[in-house]
Amino acid sequence: WTRRFYQHSTDHRGVPGEPGRVATLVESDEDRCWGVAYRVAPSAADEVIEQLDHREQGGYHRHVVDVVAPLKETEEQSQGVVDSAVMYVAGRENPHWAGPAPIDELAEQVVRAEGPSGPNVEYLVELARALREIGAQDRHVFRLEREVRQRLSETDTVT
């Protein structure tokens, strides 16, 4: 899997007519998708899934996948315990699928969009921050963040 900003958001980070761009996962033979898996107490599982289903309602579907958890913090990320986890993927068949676009077009859309959950820029910047916090490398997210920051700094200099 690899993370890409190929999904429109009209319910959280954009609105109908001015959608934001949010991440989804697409299958990839070359990349790995780094992230965080949370263990949920069985007694809370139904409530958590219900909340996630609501948050991810804009074209996302649940998938059960294998994840690799490190045995210890000091060990290589590629070694560890394999477990299964639920993740949400917005595939090409959903009505909010936007697909690939040149990075400058993605950045422009992210800069402009805002929805009920806040500015699209905030979503991107917080995702990039969280990825850096866990030591993840994500060329697509970090490149898009650089493009967005450049646009914002150019706007700030003009005004």
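What do you get for the angle between helix 103-112 and the principal long axis of the chain? Use alpha-carbon atoms, 0 to 90 degrees, nearest ten.
In the chain, helix 103-112 runs at an angle near 80 degrees to the longest axis.
Tell me the Rg and the Dmax, in Å, that the Cα atoms of the range 1-68 produce.
Over the range 1-68's Cα set, Rg and Dmax evaluate to 14.1, 40 Å.
Between Gln150 and Asp104, what is 0.36 nm times their sequence separation minus the Cα-Cα distance? Round to one decimal in nm.
The span from Gln150 to Asp104 would gain 15.5 nm if fully extended.
For the range 126-133, just list the computed ³J(HN,Hα) in residue order, Karplus coefficients 6.51, -1.76 and 1.60, θ = phi - 60°, integers in Hz, with x standing in for Gly and Pro.
Karplus values, whole Hz, x for Gly and Pro: 5, 4, 4, 4, 5, 5, 4, 4.
From the helices alone, meaning DSSP H stretches of at least four residues, give me the mean residue ellipticity at 222 nm for the chain, per-run term -39500 (n - 2.57), in deg cm²/dmol to the nearest 500.
Taken over the chain, the calculation gives -11000 deg cm²/dmol.
Once label points are set 7 Å from the Cα along Cα→Cβ at both Trp34 and Gln57, what is their separation, rounded to one decimal in nm?
Taking the simple label geometry, Trp34 and Gln57 are separated by 3.4 nm.
A short reminder: the numbers here are calculations on the coordinates, not readings from a lab. What you see is a predicted model; the values in this text were computed from it and never measured. All Cβ positions, even for glycine, are placed from backbone atoms using ideal geometry, and neighbour counts span all protein chains on display.
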